[in-house]
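Novice: Below are the structure tokens for one structure; questions will follow.
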Amino acid sequence: MKFALFTGCVAKGATRELMVSTKRAAEGLGIEFIEMKSAACCGAGVISEQSPLLADALNARTVAIAEAQGLDLVTICSTCQGNLKKSECNIDSDPEYKEQINHILSEGGHQYLGGKSKIKHFANILATDEGMALLKEKIKRPLKGLKVAAFYGCYVLRPSGLSDFDDPDDPHGMEDIFAALGATPVYYPSRVKCCGFPIIMMNKTASQDMSGNALLDAIESGADCVVTGCPLCHLSLDSYQPEIEKLKKKGYSIPILHLSQLVALALGYTPKELDMDKHIVSTLKIEERLARG
């Protein structure tokens with residue numbers, strides 16, 4: 001399998017360890033990722049509030065780059081996937097708008113065709129029959145004994161009409177991946193809720209309250225760790241966890257992993273090779289659990 005990799009901003013900035021694990025996971029699975037180094041930010045839903053046209057043009061340019069490569073586009077960020085697909089929907093539903101977008105892109109030598117390159121999240125690739133078979137074939141370290149709680153993030157599920165999961169209100173794609181890796185999926189109500197990141201700059205207390213509720217829900221459901229498919233969710237749940245503990249006046253300390261890290265662990269890579277020591281919340285609990293398993 002070969003894909004154009006849209007990294008997004010956060011996985012190459014604040015959470016660089018997630019890009020490390022993504023490359024390791026792809027390497028271990030035999031998947032070829034061609035990094036889209038000239039692609040721009042997806043806008044994270046912020047640009048569209050001021051200029052929908054600019055947001056859609058930026059995302060159309062990204063898809064056009066993948067189309068020119070003749071490859072489907074894959075991202076490891078729920079937010080990026082959701083924004084790219086939303087722009088795709090906006091453009092494809094209106095021929096005149098598509099023409100306007102392409103007029104803008106023509107100055108940079110790009111042309112958005114639409115429908116030539118599919119936009120996928122890494123989880124949606126792994127959750128296919130082909131992806132699951134590949135996982136089971138390549139596993140070197142089954143994650144037995146590890147109880148894993150998924151945190152999907154908003155943009156990969158909503159709007160539901162654009163989601164690649166069969167039931168956006170009650171998805172099981174990530175849990176199916178966990179099971180294929182040998183881990184035990186933990187189902188809990190907050191797995192499909194928002195992490196609060198979109199409002200962190202406007203109402204930090206409300207944002208961290210949302211994150212704290214999700215963390216506590218996962219802990220009380222018996223999870224050893226929370227796994228997300230979004231670097232922004234990763235920031236909310238990992239980087240801000242010490243602040244959340246002070247806000248909620250409760251101890252949490254539950255490790256947060258990105259899906260690519262969990263996959264890479266099962267493929268035999270060590271936590272050190274995945275830069276897991278760069279997390280704010282220690283991941284030693286995961287190593288100890290796997291050692292016991």
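Novice: Can you confirm whether region 147-163 contains a residue that is over 20 Å from Ile256 (Cβ atoms) and buried (at least 19 other Cβ atoms within 10 Å of the Cβ)? It would help to see each step written out before you state the result.
Specialist: Within region 147-163, the subset over 20 Å from Ile256 (Cβ atoms) is 158-163.
So of that shortlist, the ones also buried (at least 19 other Cβ atoms within 10 Å of the Cβ) come out as 163.
Yes, region 147-163 contains at least one residue that is over 20 Å from Ile256 (Cβ atoms) and buried (at least 19 other Cβ atoms within 10 Å of the Cβ).
Novice: Kindly list, by first and then second residue, each pair from a residue in region 93-108 that is of a type in the set (Ser, Thr, Tyr) to a residue that is part of a helix (DSSP H, G or I), limited to pairs with Cβ atoms under 9 Å and residues at least 6 apart or on different chains.
Specialist: Pairs found: Tyr97/Leu53; Tyr97/Asp56; Tyr97/Asn90; Tyr97/Ile91.
Novice: So which helices (runs of 4 or more DSSP H) are wholly in region 1-94 and hold at least 3 residues that are of a type in the set (Gly, Ala, Ser)?
Specialist: Details: elements: 17-29, 47-50, 52-69, 78-92.
So the answer is 17-29, 52-69, 78-92.
Novice: Working only within region 73-97, note down all residues that are open to solvent by 50 Å² or more (accessible area, probe 1.4 Å) and either farther than 22 Å from Glu49 by Cβ or β-branched (Val, Ile, Thr) (or both). Walk me through how you get there before you give the answer.
Specialist: Initial filter on region 73-97 (open to solvent by 50 Å² or more (accessible area, probe 1.4 Å)): 86, 89-90, 92-96.
Those that are open to solvent by 50 Å² or more (accessible area, probe 1.4 Å) and either farther than 22 Å from Glu49 by Cβ or β-branched (Val, Ile, Thr) (or both): Pro95, Glu96.
Novice: For region 222-233, name all the residues that are part of a loop (DSSP other than H, G, I, E, B) and in contact with a helix residue (DSSP H, G or I) (Cβ under 8 Å, 6 or more places away or on another chain).
Specialist: Asp224, Gly229, Cys230 - these are the residues of region 222-233 that are part of a loop (DSSP other than H, G, I, E, B) and in contact with a helix residue (DSSP H, G or I) (Cβ under 8 Å, 6 or more places away or on another chain).
Novice: Mind listing whichever residues of region 142-166 are small (Gly, Ala, Ser), part of a loop (DSSP other than H, G, I, E, B) and free of Cβ contacts under 8 Å to residues at least 24 places away in the same chain? Working first, answer last.
Specialist: Residues of region 142-166 small (Gly, Ala, Ser): 145, 149-150, 153, 160-161, 163.
Among the residues that remain, those that are also part of a loop (DSSP other than H, G, I, E, B) are: 145, 153, 163.
The answer is Ser163, and nothing else.
Novice: Then there is this: Right, Cys225: at pLDDT 95 or above, surrounded by 19 or more Cβ atoms within 10 Å (Cβ to Cβ) and in contact with a Pro (Cβ under 8 Å, 6 or more places away or on another chain) or not? It would help to see each step written out before you state the result.
Specialist: Values: at pLDDT 95 or above: yes; surrounded by 19 or more Cβ atoms within 10 Å (Cβ to Cβ): yes; in contact with a Pro (Cβ under 8 Å, 6 or more places away or on another chain): yes.
It is true that Cys225 is at pLDDT 95 or above, surrounded by 19 or more Cβ atoms within 10 Å (Cβ to Cβ) and in contact with a Pro (Cβ under 8 Å, 6 or more places away or on another chain).
Novice: Right, another one. Check whether at least one residue in region 234-248 is within 16 Å of Ala123 (Cα to Cα) and either touching a residue at least 60 places away in the same chain (Cβ under 8 Å) or in a loop (DSSP other than H, G, I, E, B) (or both), and report yes or no.
Specialist: Narrowing region 234-248 to residues within 16 Å of Ala123 (Cα to Cα): 234.
Then drop every residue that is not either touching a residue at least 60 places away in the same chain (Cβ under 8 Å) or in a loop (DSSP other than H, G, I, E, B) (or both), which leaves 234.
Yes, there is a match, as at least one residue in region 234-248 is within 16 Å of Ala123 (Cα to Cα) and either touching a residue at least 60 places away in the same chain (Cβ under 8 Å) or in a loop (DSSP other than H, G, I, E, B) (or both).
Novice: Can you pull out the residues in region 128-141 that are surrounded by 15 or more Cβ atoms within 10 Å (Cβ to Cβ) and either part of a helix (DSSP H, G or I) or touching a Phe, Trp or Tyr at 6+ places or on another chain (Cβ under 8 Å) (or both)? Spell out how you get there, then give the answer.
Specialist: Residues of region 128-141 that are surrounded by 15 or more Cβ atoms within 10 Å (Cβ to Cβ), as a first pass: 131-132, 134-135, 138-139, 141.
Across region 128-141, the qualifying residues are Gly131, Met132, Leu134, Leu135, Lys138.
Novice: Filter region 248-293 down to residues that are β-branched (Val, Ile, Thr), within 28 Å of Leu134 (Cβ to Cβ) and open to solvent by 30 Å² or more (accessible area, probe 1.4 Å), then give me how many there are.
Specialist: Filtering region 248-293 for residues β-branched (Val, Ile, Thr) gives 254, 256, 263, 270, 280-281, 283, 286.
If we keep only those that are within 28 Å of Leu134 (Cβ to Cβ) too, we end up with 256, 263, 270, 283, 286.
Those left that are additionally open to solvent by 30 Å² or more (accessible area, probe 1.4 Å): 270.
Matching residues across region 248-293 total 1.
Novice: Next question. So which residues in region 199-212 are over 20 Å from the mean Cα position of the chain (by Cα) and either closer than 12 Å to Leu237 by Cβ or among the polar types (S, T, N, Q) (or both)? Steps first, please.
Specialist: Step one: filter region 199-212 for residues over 20 Å from the mean Cα position of the chain (by Cα), giving 201-206, 209.
Result: Asn203, Thr205.
Novice: Report, by residue number, each residue of region 249-289 that is modelled with pLDDT under 90 and in a loop (DSSP other than H, G, I, E, B).
Specialist: Scanning region 249-289 gives Lys249, Lys250, Gly251, Tyr252, Ser253.
Novice: Please state which one of Leu181, Leu232 is over 29 Å from Cys89 (Cα atoms) and out of contact with any His (no Cβ under 6 Å at 6 or more places or on another chain). Step through it out loud before you land on a result.
Specialist: Working: Leu232 fails: over 29 Å from Cys89 (Cα atoms).
It is Leu181.
Novice: Tell me which residues, restricted to region 1-56, are of a type outside the set (Ser, Thr, Tyr), open to solvent by less than 10 Å² (accessible area, probe 1.4 Å), in contact with a Leu (Cβ under 7 Å, 6 or more places away or on another chain) and closer than 22 Å to Met132 by Cβ.
Specialist: Ala25, Leu29
Novice: Six or more apart or on different chains, Cβ under 6 Å: which pairs go from a residue in region 40-52 that's over 21 Å from Lys98 (Cβ atoms) to one that's in a loop (DSSP other than H, G, I, E, B) and open to solvent by 40 Å² or more (accessible area, probe 1.4 Å)? Could you list them?
Specialist: If the second residue must be in a loop (DSSP other than H, G, I, E, B) and open to solvent by 40 Å² or more (accessible area, probe 1.4 Å), the pairs left are Cys41/Cys9.
Novice: While we're on this one: Scan (1) open to solvent by less than 60 Å² (accessible area, probe 1.4 Å); (2) touching a residue at least 60 places away in the same chain (Cβ under 8 Å) for the single condition Gln69 breaks and write down its number.
Specialist: Condition not satisfied by Gln69: (1).
Novice: Can you tell me which residue within region 195-221, out of those that are part of a loop (DSSP other than H, G, I, E, B) and either out of contact with any helix residue (DSSP H, G or I) (no Cβ under 6 Å at 6 or more places or on another chain) or open to solvent by 50 Å² or more (accessible area, probe 1.4 Å) (or both), is farthest from Ile244 (Cα to Cα)?
Specialist: Ser221
The values are calculated or read from the model by the stated rules, or taken from the named source; none is laboratory data. These numbers were taken from a predicted model, which means no experiment stands behind them. Using ideal geometry, Cβ is built from the backbone for each residue, glycine included, and neighbour counts are taken over all protein chains shown. Note: areas computed on protein heavy atoms with side chains; ligands, DNA, RNA excluded. Shrake-Rupley method; radii C 1.70, N 1.55, O 1.52, S 1.80 Å.
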